[in-house]
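Down below is the structure, laid out as structure tokens.
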Amino acid sequence: MFFLLATVAVAAALGMLIARNPVSSALWLVLNLFCIAGLYLTLNASFIGVIQILVYAGAIMVLFLFVIMLLNLSALPGLEEIEWSSVGGFAVGLALLSQLLYVVALQFELGMDPVGAEAAAEVGSAASLGEILFTRYALHLQVAGILLLAATVGAVLLAQRRFQ
Amino acid sequence: MVWTALGAFLVINAMLLSASLLVFAERRVSAFIQNRPGPNRVGPLGLLQPFADVLKFVLKEDVQPAQSNKFIHSMAPVVMVVIAMTTAALIPFAEGVVVADLNVGVIMLLALTSISVYGVTLAGWSSNSKFSLLGGLRSAAQMVSYELSMGLAVISVVLIAGSLNFMEIVEHQNSGGALLGWNAVRNPIGCLIFIVTAFAETNRAPFDLPEAEEELVAGYHTEYSGMKFGMFFLAEYVNWFIASFFIVTLFFGGYLVPFEPQLIALFPALEGSTLLALLQFGSLMLKVGFFAFLFIWVRWTFPRFKYNQLMKVGWKYLLPISLANAILIALGVVLFGAVGL
């Protein structure tokens, strides 16, 4: 299940980059978000999985789509020829980096212990998430709230200036 | 696994049948409201009319507009029907009778409603017609605006029940003779807001701007014909039916039979019996029937909103009221909880 979802997610992400039409790009991204939500569900984190669909696929991407349709963007220019040698170099570099990081992680015992399915379901439930969010991470929550409020006020101000 | 599949099969077929029944009901009731007979020739009382309509849909030619995006154009109606049918899995029909008993059922419902906007928007975009595009855009704006108030109304119910599971929310209304314990009594403002937003989310009149005939021909499904139009039609009716189910589940005691605790106290043999389950199902269907009728009644009573009025109602009235209501309910839950009620 993991490999199926992961493959589709990667393929959808690639599709989003390759698609020359903004709307199909957005739709590929939606498919990608669904696969991520599926991955959360396989990890027994049903709350985060469903929230992923609700917030990202349901709200943010709908707004994206709305804006794309309003702007009526034309198709992007065609694909460029890829220089395969630089792609190869990137892949080799990435492999070396991941190997190094793996060794470092082993050395300092940074790897995490696997968690059982029941414990994961316990941690992933809405109740325990809410508890930890309002006790241990209460300050972070407030800061995020103020940031969002500032962004909202800024957006309203920017939109107002145009009409005066 | 097998039972879940069987249950899902049953629910989907029941939804399909009830959609055709609703089409018939809507045509007859609207005819009654407008003082004319309505379709009464096909079969007894005209009951076979919807089946004749379906036959007509299937036999019609499927027209693809030129320059349209073929794949998305075909996908949009499928998205609508699939999401409508998936939502049906969350309905508790009687105590313990539900296809998918999720711990996050309420959020799942909100997630599914928020995705269903894709069907309408993509249908409008892929048709390559300005009427369709305008319909799709209107629908996207409308659904995003009303989703917020709907979410807040649902949150006020979740606060009262202290659970995201539909079954537990229903069971929590089992006080005061399963009648005064209804969330509609404890949370009347949230109830009203939920009903209004349910109308908006299902694109029913007076919120049917995405398909306003006078301005947009037929809105987002102008360029659809044959069974693809039939699927939009089906999705609309199923959505409307399911919206009635969730109004009842969240605010009107769901499957609970009025005076159920007293009834069980009188006849202890009833507890957990099949008869009780049947009674609960009957009580649920009666309540749902009333709200399904309310949808028709409202459609033929109120004129359609203008677009600016729609936005004004959504953002300037419903959203602040539902926000204040959620805070009020939260305070109430804390205060009554402290007293021990």
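Just so you know, all these numbers are worked out from the coordinates, no wet-lab data involved. Not measured: the values here are computed from a predicted model. Ideal geometry is used to build each Cβ from the backbone, glycine not excepted, and the neighbour counts take in all protein chains shown.
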Part-to-part distance (alpha-carbon centres) for the stretch A:19-40 and the stretch B:316-331, which is given in Å: 34
query: Where does chain B land at 222 nm, in deg cm²/dmol rounded to the nearest 500, when only DSSP H runs of n ≥ 4 count, each adding -39500 (n - 2.57), divided by all residues?
result: -22000 deg cm²/dmol
statement: Expressed in angstrom and ordered largest first, the alpha-carbon extents of chain B along the principal axes are 66, 47, 47
message: Taking the Cα centre as origin and putting +1 on Lys and Arg beta-carbons and -1 on Asp and Glu beta-carbons, what dipole magnitude results for chain B, to the nearest 20 debye?
response: 800
- prompt: What's the longest bit of chain B with no exposed GluC sites (Glu not before Pro), using DSSP loop states and at most 14 other Cβ atoms within 10 Å as the test?
  reply: B:62-270
message: Suppose we take every Cα in the stretch B:263-341 and form the convex hull; what volume per residue is that in Å³?
response: 159
- prompt: Residue separation times 0.36 nm, minus the C-alpha to C-alpha distance between B:Q309 and B:K60: what's the value?
  reply: 85.9 nm
message: Please arrange B:D208, B:D101 by how many other C-beta atoms lie within 10 Å of their C-beta, fewest to most.
response: B:D101, B:D208
query: What does the convex hull of the Cα atoms of the stretch A:125-164 come to per residue, in Å³, rounded to a whole number?
result: 59
query: Rg and Dmax of the stretch B:199-325 over Cα atoms: what are they, in angstrom?
result: 19.5, 60
- prompt: What is the extension gain from A:T152 to A:L4, computed as 0.36 nm multiplied by their sequence separation minus the C-alpha to C-alpha distance, in nm to one decimal?
  reply: 49.4 nm
Cα centre as origin, Lys/Arg/Asp/Glu Cβ charges: the protein assembly as shown dipole, Debye: 1640
message: Could you give the length gained by full extension between A:A127 and A:F90, i.e. 0.36 nm per residue of separation minus their alpha carbon distance, to one decimal place?
response: 9.0 nm
- line: Cβ density ranking, 10 Å radius, fewest first, applied to B:K306, B:K287 yields B:K306, B:K287
Counting all C-alpha pairs of the protein assembly as shown, share separated by more than 33 Å (%): 47
- line: Set B:K130/B:K306; B:K56/B:K228; B:K130/B:K316; B:K70/B:K228; B:K70/B:K130; B:K130/B:K228, cut-off 22 Å on Cα-Cα distance; pairs above it are B:K130/B:K316
